[in-house]
Amino acid sequence: MTSLQLSAKEEMLETFLDAAARGDLSQVSTLLSNTPSLINQTGHSGWTALMLAARNGHHHVAEKLLLFGCDKFSVNSSSQTAYDIATFWGHRHIAGLLGRAADGCGRILPGADLHPHENYFSRETLDRQSGRRTDKVWLEAKQSDSETVYLLFSNLSPMVRTVCSGNTEQGDMKLCLFRFEEVKDLLQKPSTVTIFLGIEKTKSPSSSSSSEKAESLSEPPVWFAINTDEDAAALLERCREKNCSFPRSPNRDLLKLSEEEAGVVAQARSVLAWHSRYSFCPTCGGATKMEEGGYKRSCLNSECRSLQGVHNTCYPRVDPVVIMLVIHPDGNQCLLGRKKVFPVRMFSCLAGFVEPGETLEEAVRRETEEESGVTVGPVQYVSCQPWPMPSNLMIGCLAVAVSTDIKVDEKEIEEARWFPRQQVIDSLFRGDRSVFVIPPRQTIAHQLVRHWICMNSNL
Ligand SMILES: NC(=O)c1ccc[n+]([C@@H]2O[C@H](COP(=O)([O-])OP(=O)(O)OC[C@H]3O[C@@H](n4cnc5c(N)ncnc54)[C@H](O)[C@@H]3O)[C@@H](O)[C@H]2O)c1
Ligand SMILES: [Mg+2]
Ligand SMILES: [Mg+2]
Ligand SMILES: [Mg+2]
Ligand SMILES: [Zn+2]
């Protein structure tokens with residue numbers, strides 16, 4: 001083989017890898033059809049096409065490469081598979097594609113059977129249809145539609161019934177769903193707050209049969225949530241189901257819902273909580289009225305500054321919180337802390353509210369330093385989680401420490417420690433509670449720790 005031929009081959013390989021990295025599906029397909037041997041080859045970076053597609057979030061390219069039979073278990077010089085790369089960069093749709101347990105990935109990657117980075121409270125089962133919020137006529141018509149679904153909240157807790165599914169995805173609690181006829185008297189009461197949540201997402205047309213297609217011509221059901229101050233016991237009698245209740249401890253009880261229902265509750269509870277806390281205008285203290293299906297409050301005082309221009313006081317709040325898993329400079333230990341209120345032996349990631357005029361990276365560094373005395377260098381975003389207690393957005397990061405001495409802020413943290421990887425694996429995968437207990441899987445703290453362990457699972 002001449003050197004000219006060799007470089008032509010190399011050039012083709014680099015073109016192929018570049019197409020995968022850019023997400024150019026048609027070029028990837030053409031090159032593979034002509035030269036199937038390209039599929040698992042690595043370029044000078046030591047990365048395969050699948051790794052590059054996984055790095056840059058190109059789902060279609062990853063799918064095509066798998067279809068052509070590429071090897072998803074090959075590793076780069078840092079011993080990362082394409083799955084590890086997709087997970088690290090937060091491309092959960094690709095991680096899901098690569099991590100399906102059926103083909104043995106679960107054996108290699110302990111977390112592969114759990115949707116990576118699809119955090120609890122984050123599944124969107126409703127299409128929010130924000131454009132409809134200003135359409136009063138449509139909203140009113142939908143409120144009395146017999147297909148419309150209502151969730152009933154009392155004191156910001158949704159009515160649920162206890163079930164024993166035995167399946168963590170399905171949950172041990174189910175939302176009680178109501179129809180217009182069952183709640184129409186509540187809708188008339190001035191103290192009731194009713195918000196529009198969205199319409200049920202339709203299934204993809206290609207997967208539906210012809211009878212389903214005819215059905216889908218009518219609009220899918222619309223969902224609303226109601227918060228009422230009516231007597232809770234009387235409200236429970238409205239439900240046809242048994243074992244109904246309004247959970248007393250949202251922090252604990254709302255974690256028992258299915259992934260789908262948790263997503264709806266995250267949205268509903270945060271917006272309802274905003275209405276219950278912001279009934280007066282933050283600018284002039286005047287009375288306000290609800291608008292836009294519950295996504296706006298406007299001041300009734302015609303002189304109020306908040307009526308001129310756009311003001312964030314008129315819209316529902318989201319409070320950003322950084323939550324970080326701080327990794328020791330040796331790469332093999334992580335920093336976890338415990339608050340006095342935590343259950344015995346539970347340690348979690350450090351967390352704190354982002355302050356005005358602060359970047360996420362700075363908030364991670366400041367809160368870590370305040371709470372543990374540890375100085376942090378590089379910060380990497382991983383994934384986020386709506387946390388409706390009442391309306392936090394937990395922004396999950398990995399961070400690397402540049403100092404290791406711990407000095408806790410005793411006002412907030414009782415103890416913080418470096419935990420070796422082995423102890424974390426024992427607690428996370430073997431359920432060993434002798435050293436420490438990790439928060440439940442529904443928390444982003446748990447998922448960050450899992451992410452760190454899985455990232456390095458085949459090192
Ligand atoms: N889902 C999870 O895995 C997870 C884990 C840890 C914490 N959290 C949530 O993150 C939140 C913040 O964490 P933290 O308590 O460590 O924060 P933090 O370290 O900033 O300390 C909290 C204190 O900050 C002050 N504060 C500043 N802005 C605030 C705001 N907008 N709302 C309330 N208090 C504010 C208050 O004095 C409060 O006591 C907690 O309330 C908790 O609900 C969730
Ligand atoms: Mg904190
Ligand atoms: Mg703090
Ligand atoms: Mg703080
Ligand atoms: Zn006002």
I'd like the residue in the stretch 302-312 that is more than 32 Å from the chain's Cα centre (by Cα) and open to solvent by 100 Å² or more (accessible area, probe 1.4 Å) and, out of all such residues, is nearest to GLY131 (Cα to Cα). GLN308
Would you confirm, using the coordinates I've provided, whether GLU370 is within 15 Å of ligand 4 (Cβ to nearest atom) and open to solvent by 50 Å² or more (accessible area, probe 1.4 Å)? yes
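Please determine, by comparing only the residues of the stretch 282-296 that are assigned to a loop (DSSP other than H, G, I, E, B) and within 31 Å of the chain's Cα centre (by Cα), which one is farthest from ligand 2 (Cβ to nearest atom).
This residue is TYR295.
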Note on the stretch 397-421: residues away from ligand 3 (no atom under 16 Å from the Cβ) and either open to solvent by less than 10 Å² (accessible area, probe 1.4 Å) or of a type in the set (Ser, Thr, Tyr) (or both) are ALA401, SER403, THR404, PHE419
Open to solvent by less than 20 Å² (accessible area, probe 1.4 Å), more than 16 Å from ligand 2 (Cβ to nearest atom) and not assigned by TED's automatic domain parsing to the domain that holds CYS397, is that true of CYS299? yes
For THR81, which of the numbered conditions (1) β-branched (Val, Ile, Thr); (2) touching a residue at least 12 places away in the same chain (Cβ under 8 Å); (3) more than 16 Å from CYS454 (Cα to Cα) fails to hold? (3)
Residue ID - nearest to ligand 1 (Cβ to nearest atom), chosen from residues in the stretch 336-364 that are over 19 Å from GLN442 (Cα atoms) and without any contact (Cβ under 8 Å) to a residue 12 or more places away in the chain: GLU355
Hits in the stretch 69-79 - residues which are open to solvent by less than 40 Å² (accessible area, probe 1.4 Å) and over 10 Å from LEU50 (Cβ atoms): ASN76, SER79
Looking across the stretch 316-335 at residues that are within 12 Å of ligand 1 (Cβ to nearest atom) and in a loop (DSSP other than H, G, I, E, B), the single one that is farthest from VAL437 (Cα to Cα) is ARG317
All-but-one check, GLU237 against (1) touching a residue at least 40 places away in the same chain (Cβ under 8 Å); (2) away from ligand 5 (no atom under 16 Å from the Cβ), failing number (1)
Tell me which residues, restricted to the stretch 120-146, are more than 24 Å from TYR315 (Cβ to Cβ) and not in a helix (DSSP H, G or I). TYR120, SER144, ASP145, SER146
Go through the stretch 80-93 and count every residue that is open to solvent by 10 Å² or more (accessible area, probe 1.4 Å) and part of a loop (DSSP other than H, G, I, E, B). 4
Out of all the residues in the stretch 270-288, which are over 15 Å from HIS311 (Cβ atoms) and either in contact with a helix residue (DSSP H, G or I) (Cβ under 6 Å, 6 or more places away or on another chain) or open to solvent by 20 Å² or more (accessible area, probe 1.4 Å) (or both)? SER270, VAL271, SER276, ARG277, SER279, ALA287
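Could you tell me whether GLU367 is free of Cβ contacts under 8 Å to residues at least 12 places away in the same chain and not assigned by TED's automatic domain parsing to the domain that holds GLN267?
So GLU367 does not fit the description; no.
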Of the residues in the stretch 316-355, how many are charged (D, E, K, R), touching a helix residue (DSSP H, G or I) at 6+ places or on another chain (Cβ under 9 Å) and within 13 Å of ligand 2 (Cβ to nearest atom)? 1
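The values are calculated or read from the model by the stated rules, or taken from the named source; none is laboratory data. These figures come from a predicted structure and were not determined experimentally. Cβ atoms come from the backbone with ideal geometry, glycine included; neighbour counts cover every protein chain shown. Only protein heavy atoms, including side chains, enter the accessible area calculation; ligands, DNA and RNA are left aside. Shrake-Rupley method; radii C 1.70, N 1.55, O 1.52, S 1.80 Å.
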